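Take a look at the structure set out below.
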Ligand code: GDD
Ligand code: MN
């Protein structure tokens, strides 16, 4: 490292007012909670050089505006307003990476996480007892009073799957409340998934037991204003993360969903073909083409709703996306047939050639759709 820009030791950093702790707060439609959280942080973090980084996904209720107003009165408040993107994990990752403090915490904006634990968490990191401190609902002294029965059951079930399948050693890997050494986080960051809700589980699974972790109990409170953004899709996200980590990131949930949607397309195709032939008495080539057309359309709609729901195309963009999708799939068909032909040429086994072609087709369609239809903005 360049001598001239070697960072000052922590005590000196604190003395010249550089933050030692960045509190990263993802937010979406939380405008009524921001000021309250800020005041609570200010009250509890006395004697600590802290900053708070709100990462807001362009909330329709203009939460970011409230944060900006605060930031104009206090330099410890920072605002990252992301446009065209959604996702809790991604927001947390960007927030932590935007910090230069040696320690970063993640907590909800809605006051469900107990901010009075932060200084103790920081002590554990600074003292070297831990590289990651997790606020846990499921260790002695912790609780999740505000959960209804259904959600408590789901949470416990997911936790036990994570422990068994991924060998995760902590009791509350689904917690959204933790503090980590930023240098350790930066090492892991490139491997983390920006999709979904379960950033802590991702961190712990990705670290493969190499992260010294301490859990401390806290009580998961009730939401002050607004409502939870966790919906039934969270279960899908969770499954995807487990799958990805289990296969060492070889299979992603997105690809699997894309392939599954492709599978439903087969049925749509056959159904349309049947109707066109039997009901409307179309000649076979026309009926077959209609089948392909309807199947591509339904695949597009399903992918837009499920596979790419975090990048869902809306309004006019749907039309453009649909045509791009038709184009991608048409080329994919050539790739499919081409590969099937060359496999059959070497080894005339019909199902092997057919399967190789289909695999080529789905991989092509997936890769190209990611580039041309649901482009990351
Ligand atoms: N930037 C951004 N983008 N923030 C988001 C998004 C998003 O797409 N979705 C949710 N948030 C913010 C919310 O505004 C809130 O501050 C925080 O992330 C958590 O979302 P909630 O909707 O309040 O989730 P929850 O209370 O049901 O669950 C939370 O606590 C659980 C227990 O610790 C989450 O943190 C879970 O991950 C956690 O398991
Ligand atoms: Mn919450």
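Within region 183-192, does at least one residue satisfy the condition of being touching a residue at least 12 places away in the same chain (Cβ under 8 Å), under 21 Å from the mean Cα position of the chain (by Cα), part of a loop (DSSP other than H, G, I, E, B) and within 16 Å of ligand 2 (Cβ to nearest atom)? No: region 183-192 contains no residue that is touching a residue at least 12 places away in the same chain (Cβ under 8 Å), under 21 Å from the mean Cα position of the chain (by Cα), part of a loop (DSSP other than H, G, I, E, B) and within 16 Å of ligand 2 (Cβ to nearest atom). Residue 120 meets the conditions (1) assigned to a loop (DSSP other than H, G, I, E, B); (2) surrounded by fewer than 16 Cβ atoms within 10 Å (Cβ to Cβ); (3) in contact with a strand residue (DSSP E or B) (Cβ under 8 Å, 6 or more places away or on another chain) in every case but one. The failed one is (1). Filtering region 18-30 to residues that are crowded, with 20+ Cβ neighbours inside 10 Å, in contact with a helix residue (DSSP H, G or I) (Cβ under 7 Å, 6 or more places away or on another chain) and assigned to a loop (DSSP other than H, G, I, E, B) leaves only 30.
Taking the listed residues 96, 80, the one that is within 11 Å of ligand 1 (Cβ to nearest atom) and in contact (Cβ under 8 Å) with a residue 24 or more places away in the chain is 80, with no other qualifying. Per the listing 243, 224, 253, 239, the residue uniquely surrounded by 20 or more Cβ atoms within 10 Å (Cβ to Cβ) and modelled with pLDDT under 85 is 253.
For the structure I just gave you, tell me whether residue 292 is surrounded by 13 or more Cβ atoms within 10 Å (Cβ to Cβ) and within 20 Å of residue 328 (Cβ to Cβ). Against the criterion (surrounded by 13 or more Cβ atoms within 10 Å (Cβ to Cβ) and within 20 Å of residue 328 (Cβ to Cβ)), residue 292 qualifies.
Taken over region 102-117, residues that are out of contact with any helix residue (DSSP H, G or I) (no Cβ under 8 Å at 6 or more places or on another chain) and not in a loop (DSSP other than H, G, I, E, B) amount to 1. Residues that are under 23 Å from the mean Cα position of the chain (by Cα) and within 16 Å of ligand 1 (Cβ to nearest atom) within region 103-124 comprise 104, 105, 106, 107, 108, 109, 110, 111, 112, 113, listed in sequence order. Residues of region 56-101 that are over 20 Å from the mean Cα position of the chain (by Cα), within 18 Å of residue 20 (Cα to Cα) and part of a loop (DSSP other than H, G, I, E, B): 74, 75, 76, 100, 101. Against the conditions (1) in a helix (DSSP H, G or I); (2) without any contact (Cβ under 8 Å) to a residue 60 or more places away in the chain; (3) over 30 Å from residue 314 (Cβ atoms), residue 36 satisfies every one except (2).
Have a look at 333, 352, 306 and point out the one that is surrounded by 12 or more Cβ atoms within 10 Å (Cβ to Cβ), assigned to a helix (DSSP H, G or I) and either without any contact (Cβ under 8 Å) to a residue 24 or more places away in the chain or touching a strand residue (DSSP E or B) at 6+ places or on another chain (Cβ under 8 Å) (or both). After ruling out the rest, the residue left standing is 352. Of the residues making up region 133-175, those that are touching a strand residue (DSSP E or B) at 6+ places or on another chain (Cβ under 7 Å), touching a residue at least 60 places away in the same chain (Cβ under 8 Å) and assigned to a loop (DSSP other than H, G, I, E, B) number 6.
Considering 179, 174, the condition of being surrounded by 14 or more Cβ atoms within 10 Å (Cβ to Cβ), within 22 Å of residue 28 (Cα to Cα) and away from ligand 1 (no atom under 12 Å from the Cβ) is satisfied by 179 alone. Every condition in (1) closer than 25 Å to residue 309 by Cβ; (2) in contact (Cβ under 8 Å) with a residue 24 or more places away in the chain holds for residue 101 except the one numbered (1). Does residue 203 satisfy the condition of being modelled with pLDDT of 90 or more, surrounded by 14 or more Cβ atoms within 10 Å (Cβ to Cβ) and assigned to a strand (DSSP E or B)? So residue 203 fails the test. Looking only at region 39-55, residues that are in a strand (DSSP E or B) and touching a helix residue (DSSP H, G or I) at 6+ places or on another chain (Cβ under 9 Å) come to 5 in all. Of the listed requirements (1) touching a helix residue (DSSP H, G or I) at 6+ places or on another chain (Cβ under 7 Å); (2) closer than 23 Å to residue 91 by Cβ; (3) more than 16 Å from ligand 2 (Cβ to nearest atom), residue 224 misses just one: (3).
The values are calculated or read from the model by the stated rules, or taken from the named source; none is laboratory data. The shown structure was predicted, so the numbers you read here are calculated from the model rather than taken from an experiment. Here Cβ is always computed from backbone atoms with ideal geometry, including for glycine, and neighbour counts include all displayed protein chains.
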